[in-house]
Amino acid sequence: MAQEASSSTSSKTISLKTGDGEIFEIEASAAKQMKTVQRLIDDLGDDITIPLHNVFSKELPKIIEYYKKDITGEITKDFEAEFVKDLNDDEVKVLFLAANYLDANKLFEFLSQNIADRLESKSVEYVRKYFGVENDFTPEEESKLREERAWSFRGIKEDE
Amino acid sequence: MSHHKLATDRISGLPDEILCHILSFIPTKQAIFTSILSKRWIHLWRHVPALYFINKKLNSSQDIHHFNQFVKAVLHSRDNSLSSHSINNLAVQSKIQYLHLYLHARLKCETIPPKLPASILSCTTLVVLKLSWFYVDKVSPFPLRFPSLKTLDLKDMNFDKCQDFMLLLDGCPVLEDLQLSYIHFIQSFRHFDFEQFENSSLRKLKRAHITDCYFHFPVKALANVEFLRVELWKGYTYLPDGFPTFHNLTHLAVNYDCNLAVQVLQHCPKLRNLELYPKLKYAWRDEYITKDDEELVPICLSSSLTTCTIRDFVSTTLESLIMLATFIMKKARVLKTMTIWSNRKRFSEIESKLSSFPRASATCQLSFQFINLYDT
């Protein structure tokens, strides 16, 4: 007979309401992993629906999926690869922002790595657009900066 | 307002620390590029507490020299107030937390690995250290060398004496994740040279991954790990007290062509996941589990094991693979899945022998993953 090792009583679920009005359920143990949610539970109690103004119905299910796997201790590299396989760069960005807002550390770290991997080989223009960065250099300033940075590549063979 | 435009605006509103965090996952050379994104980004890369250098094609000592120059220049430009003398002071003063230095000579046997800069060993702020292909000589005893180091990954490293290697480990009191592969010692050693380190301070170690290390790693120091991948070799038969009890171990990956595997299993009372693979580099004589005496059956097999994965290999005889799988299926009372990795040719024979074999666990599912047996 398998013994229950955890000390939680029943598997309590918490209701979360997204910014666009949809309601999702998660286990209390998964909610613990999202510090923002846990803080709201501590303030508002676990019987009411927790409002998440900055997270929407498009991304919350994916986040719930991740933490569902996490509480059973099964997140492997394969699972993570599969998790992001069909997401485009913008979808990953949206998830990343949600993980940041929810203070969901594990997912945040994983998505940071994933964004870094995706951007590694992209052009400066692409990265600017991705981060919503306005190029506030004059053309002269920019070319001077590029020249200054050229020192980092002197004499080094490209490893691509 | 589109969902994506909203996201882009919000990402540009993120504080510098978060952007630096993303940058810490990119190789330093690419991170430097971001300084031309905009004025805000000119200096962001400098505040990333991680230096990550990978260079895969060091073919000559001149290449190594250029690489060292590059590393030095990066460290120097992070803080212009430092007067540069050598890499030594720069690494320490930059308060680096994450350091990956991966070098990789194409013809390793013809080139001598470069000496690890002594400053790396005095970089007390390190949290993650990953090194590949360096030579390390004298390591002085210093118990608080790396007081914050949680992850240590050493690959292709040559140490002068085994004491140098063990003293390095001794200086990592909060280490959680240890990966070792291809560690060599220039001076010869004997098995008892490691015994004095058995009570090493690796008490917080959670994960250990030790492969291609043909020396007598003090396994007692691994007693608290939760995840262990270890390549057993004959040298472990000389352990004076055998293996310790791995009271926290839930996941074990070990080579089954060394009969020490059963001994290890007997010391894992709470094991849930077992991965068995043959040692790939040398052709050991097959020594498989032949006795199924009740006394010798490891406790974990009957009481805690829920998943088992066995990997076939070209030099493994079908008979021994089946014997191994049936032994486990016969004893593992709470087994949920048994997965065999083999090629399609052998699959049908394995399946026909195993699928009708009586299983101790009513919920046990048998599944197959197909691989090319000539893969390493």
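The values are calculated or read from the model by the stated rules, or taken from the named source; none is laboratory data. None of these values were measured; they are calculated from a predicted model. Neighbour counts are summed over all protein chains in view; Cβ atoms, including those assigned to glycine, are modelled from backbone coordinates with ideal geometry.
Numbers below:
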{"quantity": "Number of positions in region A:74-89 that are within 14 Å of chain B (Cβ to nearest Cβ), touching a Phe, Trp or Tyr at 6+ places or on another chain (Cβ under 8 Å) and either outside any loop (DSSP other than H, G, I, E, B) or within 21 Å of residue B:11 (Cβ to Cβ) (or both)", "calculated": "2"}
{"quantity": "Residues that are of a type in the set (Ser, Thr, Tyr) and assigned to a loop (DSSP other than H, G, I, E, B), drawn from region B:33-50", "calculated": "B:38"}
{"quantity": "Hits in region B:134-152 (condition: touching a Leu at 6+ places or on another chain (Cβ under 6 Å), surrounded by fewer than 21 Cβ atoms within 10 Å (Cβ to Cβ) and part of a strand (DSSP E or B))", "calculated": "B:134"}
{"quantity": "Failed criterion for residue A:44 (all others in (1) closer than 30 Å to residue B:270 by Cα; (2) among the aliphatic types (A, V, I, L, M); (3) surrounded by fewer than 19 Cβ atoms within 10 Å (Cβ to Cβ) hold)", "calculated": "(1)"}
{"quantity": "Residue match in region B:351-362 (condition: under 20 Å from residue B:270 (Cβ atoms) and modelled with pLDDT under 90)", "calculated": "yes"}
{"quantity": "Among (1) within 24 Å of residue B:11 (Cβ to Cβ); (2) crowded, with 18+ Cβ neighbours inside 10 Å - the single one residue A:103 does not satisfy", "calculated": "(2)"}
{"quantity": "Single condition residue B:256 does not satisfy, out of (1) modelled with pLDDT of 85 or more; (2) closer than 27 Å to residue A:75 by Cα", "calculated": "(1)"}
{"quantity": "Filter result for the condition that a residue is modelled with pLDDT under 90 and closer than 14 Å to residue B:218 by Cβ, over B:189, B:165", "calculated": "B:189"}
{"quantity": "Failed item in (1) surrounded by 16 or more Cβ atoms within 10 Å (Cβ to Cβ); (2) modelled with pLDDT under 90; (3) under 26 Å from residue B:10 (Cβ atoms), with residue A:71 passing the rest", "calculated": "(3)"}
{"quantity": "Any hit, region A:112-122, residues being facing chain B (nearest Cβ under 7 Å), over 27 Å from residue A:18 (Cβ atoms) and among the small types (Gly, Ala, Ser)", "calculated": "yes"}
{"quantity": "Within region B:18-30, considering residues that are more than 7 Å from every other protein chain (Cβ to nearest Cβ) and at pLDDT 80 or above, the one surrounded by the fewest Cβ atoms within 10 Å (Cβ to Cβ)", "calculated": "B:20"}
{"quantity": "Region A:28-68, residues that are over 18 Å from residue A:97 (Cα atoms) and among the β-branched types (Val, Ile, Thr)", "calculated": "A:41, A:48, A:49, A:50"}
{"quantity": "Condition met for residue A:25 (modelled with pLDDT under 90 and not in a helix (DSSP H, G or I))", "calculated": "no"}
{"quantity": "Region B:166-214, subset among the hydroxyl-bearing types (Ser, Thr, Tyr) and surrounded by fewer than 17 Cβ atoms within 10 Å (Cβ to Cβ), residue farthest from the chain's Cα centre (by Cα)", "calculated": "B:188"}
{"quantity": "Any hit, region B:179-192, residues being among the charged types (D, E, K, R) and in contact (Cβ under 8 Å) with a residue 12 or more places away in the chain", "calculated": "no"}
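Listed here are the residues, each with its yes/no results for (1) within 14 Å of chain B (Cβ to nearest Cβ); (2) modelled with pLDDT of 85 or more.
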residue	(1), (2)
A:5	yes, no
A:9	no, no
A:21	no, yes
A:40	no, yes
A:56	yes, yes
